[in-house]
Amino acid sequence: MPDTDPKSSPDSSPQSWSDWAAGHEGDAPLACGSVMRDRFVLEEVIGTGGMGRVFRALDRRREEAQDRHPHVAIKVLSGEFKRHPDALKALQREARKAQKLAHPNICSVYDFDRDGANVYLVMELLEGEPLNQLIKAHGGASVGLQRALELIEELGIALAHAHSKGIIHSDFKPSNVFLTRSGDVKVIDFGIARAARTGPVPEDVTQTVFDAGKLGAATMAYASPEQLLGVAEPDPRDDIYSLAVVAYELLAGRHPFDRRSALEAQLQEMTVAPVSGLSDAQNATLRRALAFRREHRPVTVNDFVVGLGLEPVLRTMVTSHASPAAEQMTRMAVAGGASSAERPSPAGRPAGEAPGRSRVGVALAVGLAAALLLGGSFYAYQRAQERQEQQRQAEAQQRRAAEERIAEQQRARAAAEQAQRAAETRAATEAEARALAERARLDVEAQAGRERLARQRTEQDRAAVRSAERRQQTVALPVEPGPKPGTVFRWEDDAGEVHYGTQVPAQYGDKAVPLVSPD
């Protein structure tokens, strides 16, 4: 990997990265179809992050060599990131550290270079999906106890390996974990990883005052309080806090503090709710890893995963360390005894004289002691292996019992939910029936009211008609002036019929003709 530096490259005479980048402002922006270094053909954008964009690119050199996998991922520094005066140093440190972290569970970084104003990393191309999409797809539910524990173990292996190299990720979160189509778990983007100062600094570690954490790349919901405050040196327990948040999301389907930052959760004195299906010891381990104070968390990733009932992430063989005296006795037994110049001489016998029976006895005793020592070591190794196997079986039995409890709880929960839905359906049906009956009763009452009103109006109309009829009955002709009372009149009705009488209906009064006067 080229150790590129703006001050040492032929085309970077300006004394700072910002000046050097400004000298290339006229360069055409990168896009799909662009070719970098006459080698990498950018085909599509597959990701965007705080440091820049990630392209799927065809590596012409690999294609010429007929490599089965000629595509790589190209991570190009963003323009906004480049304006930071130490941006190039950040990416350079990332490349160096990532190459130190060659591991099956960590995305490989192949190269670090620049083309014009564009600084980029060449990385392993991963095909699959990020872990945050898997969590989102479960819609607030656990991914399953067995699957969650498997993922936590793989993530623990990756972080433990990085910590063993003195490197802290410092931005561990689900979107920085990739699940490949082949089933591998890869931790990506050590963009703000920094060397952990837990001991003497190796001679090959490049020292710099630059701190990538000042770029503000840590994610609030997953960063430890110490990271957010920036008051302490990076520590593996920062990654352990972030890993515990991710583990809680996988196991419970939700963030332990409702996606609040560690500082906000601490101010509100929030506590970690136990995860259903885990034992008290496992929940206690989760709570310790999510502690707001660094000294209360597990010291190593290995302590965390073992506390969750998983296999140790850094395994070592069981060996027996004999004392120097025992080792000397073993060497003597294998070599057939010490030389005559090295053996002590018995009293009264010159050095080099034949040993006799006593020397043979000493040799036999030494051989017997060596055999007993080797036998004891083998027995101790065998017993350790048996204890490990028993522990594995016990842990497997505990996991199976936990899974059975979870399954039983899920069945009980499903039955309770089904009964609740049935009760709700019955209640809704009864409520609907009561509503229908009430509407029918109201309709009947309304109809009866309408009928009563109609009858009342009919009676009122009839009364009005009768009153009118009474008013229209016989009308006496005026006395003055006019015929005298008792005068007989003649008139015709509307039908032309002739009538006679002393009383003339009012409507025919003007047509009546007096005929006979009482005088």
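Loop-located trypsin sites (Lys or Arg not before Pro) in segment 265-294 (DSSP state not H, G, I, E or B) with no more than 11 neighbouring Cβ atoms inside 10 Å: Arg293.
Remark on Val187: its backbone amide H falls under 5 Å from those of Ile106, Cys107, Phe178, a criterion applied only to residues 5 or more positions apart or on other chains, H modelled at 1.01 Å from N. In this structure, the amide hydrogen of Glu43, modeled 1.01 Å from its nitrogen in the peptide plane, lies closer than 5 angstrom to those of Gly33, Arg56, Ala57, Leu58, counting only residues at least 5 positions away or on a different chain.
Distant-in-sequence amide contacts of Ser78, defined by a placed amide H-H separation under 5 Å and a gap of 5 or more residues or a different chain, comprise Gly52, Arg53. For the listed peptides 150-158, 417-425, a ranking on the average number of other beta carbons within 10 Å per residue, highest first, reads 150-158, 417-425.
Read-outs throughout are calculated quantities, based only on the coordinates presented, and are distinct from any laboratory measurement. These numbers come from a predicted model, not from an experiment. Virtual Cβ from ideal backbone geometry, glycine too; neighbours counted across all protein chains shown.
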